[in-house]
1. Write out, first by first residue and then by second, each pair whose Cβ atoms fall under 9 Å of each other, whose residues are 6+ apart or on separate chains, and whose first residue, in the range 142-155, is within 13 Å of SER103 (Cβ to Cβ) while the second is of a type in the set (Lys, Arg) and surrounded by fewer than 18 Cβ atoms within 10 Å (Cβ to Cβ).
2. Scan (1) open to solvent by 60 Å² or more (accessible area, probe 1.4 Å); (2) free of Cβ contacts under 8 Å to residues at least 12 places away in the same chain; (3) in a strand (DSSP E or B) for the single condition LYS89 breaks and write down its number.
3. So is SER125 of a type in the set (Ser, Thr, Tyr) and not in a strand (DSSP E or B) or not?
4. If PRO75 passes every condition in (1) modelled with pLDDT under 80; (2) exposed (fewer than 15 other Cβ atoms within 10 Å of the Cβ); (3) out of contact with any Gly (no Cβ under 6 Å at 6 or more places or on another chain); (4) in a loop (DSSP other than H, G, I, E, B) but one, which one does it miss?
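The values are calculated or read from the model by the stated rules, or taken from the named source; none is laboratory data. For clarity, every value in this text was computed on a predicted model and none was experimentally measured. Cβ placement follows ideal geometry from the backbone for every residue including glycine, while neighbour counts extend to all protein chains displayed. When the accessible area is computed, the model is the full protein with side chains, heavy atoms only, and any ligands, DNA or RNA have been set aside. Shrake-Rupley method; radii C 1.70, N 1.55, O 1.52, S 1.80 Å.
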Amino acid sequence: MEDFGEPAVSSFAQAPAPRQRGRRRLRWGGIALALTLALGMGAFLGSTLGASQVQAAKGAKPGGVDTRQMPTVGPGTPGQCNGELVVSKVNSRTITVTRSDGSTATIHINSRTRYTQNGHSATVSAVVVGSKIYVVGSCTGQGRTINATSIEIVG
């Protein structure tokens, strides 16, 4: 018998390497899904926040209550001084007001005082004698003196 040495290597000895096409498609599919979810959540949150900002700009609460005609801060809480006030005198540094009980108060204003009227920014010139206003600021002397941070003109 003859010795032929080493056995011949046949092409059937090893299976061909698997193709990576399936993994590549899976990877791209996962990336596409992640981007779609991210964009979808962004659109959803944007539409939700956009609606609430529009609602806030209109001054309405979800129940349909118009907050423009209400005090910015509830009565008796720090920062708001006795609800709606009627202007009786205006000058460059102070506004004198009358409360519903007939008592008066002096509101001190400065260049940082913010004014709003009908939901829009206003100036001190919009505050005239007879105007109804809500004031937010710090109250001293049992509310007889108010250092205003913002004034809302409602009538």
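1. That search, which allows pairs on different chains as well, returns GLY143/ARG99.
2. The failed condition is (2).
3. So SER125 passes the test.
4. (3)
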